[in-house]
Amino acid sequence: MTPLEIKGFRIYPAALNRAAQDRIIADVRDVLRQAPLFRPRTRRGPMSVRMSAAGEYGWISDTKGYRYEPNHPDGQPWPAIPGSIRALWDDLADSPRTPECCLINWYDEGARMGLHQDADEQDYDCPVLSVSLGAEALFRMGGTERRDPTVSHWLQSGDVVLLTGPSRRAFHGVDRLRPGPSPLFPEGGRLNLTLRVVT
């Protein structure tokens, strides 16, 4: 599988066929039955995405700040990362370590994710692997400084992005979704999964 390189971000178009996407979505729904989606808050107010996680850790944001925690906000441990998702890491991440967290982000049509760095992990030598499912998303990629120029690329359902090397600490975000239904989600919306090593 030949990736597309944009500003150091490694994009694998159509890495997942429809059957693989359906299988992952079924596994994510099993996770969400145990660890329901919640809406994180920041000091500025609630985020537009809803989140959950699987693995040893999940990412939490509230008025105290950003951090990884071993439990869902309801107090229960996060479910294990499904094998269908772990297999992507094994195939594409080229990392000696195994992922400790799979963040699950649900974007309604109006949701977005501002430019940010994935900077709460302790081992920047390990990549972050991101999976797009559902609505197309306009993915913005910058450099390691917030003021660096950015470029945008429409991610399709089944695309996988690997943040590795310089892009591991680069700013990135999702500006908007293409509205309307998709084959995966007739009601619209996008599911994004990110695998990462935390410790």
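The values are calculated or read from the model by the stated rules, or taken from the named source; none is laboratory data. In this text, all values refer to a predicted model and were calculated from it rather than measured experimentally. Counting neighbours? That spans all protein chains shown, and the Cβs are built from the backbone with ideal geometry, glycine included.
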Output for region 147-198, where each listed residue is over 18 Å from ASP91 (Cα atoms), out of contact with any Phe, Trp or Tyr (no Cβ under 8 Å at 6 or more places or on another chain) and among the hydroxyl-bearing types (Ser, Thr, Tyr): SER157, SER182
Restricting attention to region 95-124, which residues are among the aromatic types (Phe, Trp, Tyr) and in a strand (DSSP E or B)? TRP106, TYR107
Considering each of ALA93, ALA170, ALA80, ALA111 in turn, give the residue that is out of contact with any helix residue (DSSP H, G or I) (no Cβ under 7 Å at 6 or more places or on another chain), of a type in the set (Gly, Ala, Ser) and within 19 Å of ILE25 (Cα to Cα). ALA80
Residue under question is PRO99, and the condition is that it be over 16 Å from the mean Cα position of the chain (by Cα), in contact (Cβ under 8 Å) with a residue 24 or more places away in the chain and buried (at least 17 other Cβ atoms within 10 Å of the Cβ); does it hold? no
Any strands (runs of 3 or more DSSP E) falling wholly within region 1-77 and containing at least 3 residues that are touching a strand residue (DSSP E or B) at 6+ places or on another chain (Cβ under 7 Å) and surrounded by 14 or more Cβ atoms within 10 Å (Cβ to Cβ): 9-12, 50-55, 58-62
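Could you tell me which residue of region 101-146 is nearest to SER167 (Cα to Cα), considering only residues that are among the polar types (S, T, N, Q) and in contact with a Leu (Cβ under 8 Å, 6 or more places away or on another chain)?
Going residue by residue through region 101-146, those that are among the polar types (S, T, N, Q) are 105, 117, 122, 130, 132, 144.
Next, from what is left, pick out any that are in contact with a Leu (Cβ under 8 Å, 6 or more places away or on another chain): 105, 130, 132.
Values: ASN105: 20, SER130: 13, SER132: 18 Å.
Taking the candidates together, the pick is SER130.
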Just checking, does region 81-96 include any residue being among the basic types (Lys, Arg), surrounded by 17 or more Cβ atoms within 10 Å (Cβ to Cβ) and modelled with pLDDT of 90 or more? yes
So which pairs qualify, if the first residue must be in region 157-177 and modelled with pLDDT under 90, the second must be among the hydroxyl-bearing types (Ser, Thr, Tyr), the Cβ gap must be under 6 Å, and the two must be at least 6 apart or on different chains? ARG168/TYR124; ARG169/THR144; ALA170/THR144
Quick test of your reading of the structure: ARG168 fulfils all but one of (1) within 21 Å of THR2 (Cα to Cα); (2) outside any helix (DSSP H, G or I). Name the failing condition by number. (2)
From the set of residues in region 125-153 that are over 15 Å from the mean Cα position of the chain (by Cα) and in a strand (DSSP E or B), which is surrounded by the fewest Cβ atoms within 10 Å (Cβ to Cβ)? VAL151
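Yes or no: ASP108 over 20 Å from ALA53 (Cβ atoms) and either over 15 Å from the mean Cα position of the chain (by Cα) or of a type outside the set (A, V, I, L, M) (or both)?
On the way: over 20 Å from ALA53 (Cβ atoms): no; either over 15 Å from the mean Cα position of the chain (by Cα) or of a type outside the set (A, V, I, L, M) (or both): yes.
Answer is no for this residue.
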Looking at region 20-64 only, could you name the residues that are over 25 Å from ASP175 (Cβ atoms) and free of Cβ contacts under 8 Å to residues at least 12 places away in the same chain? ALA26, ARG29, ARG33, LYS64
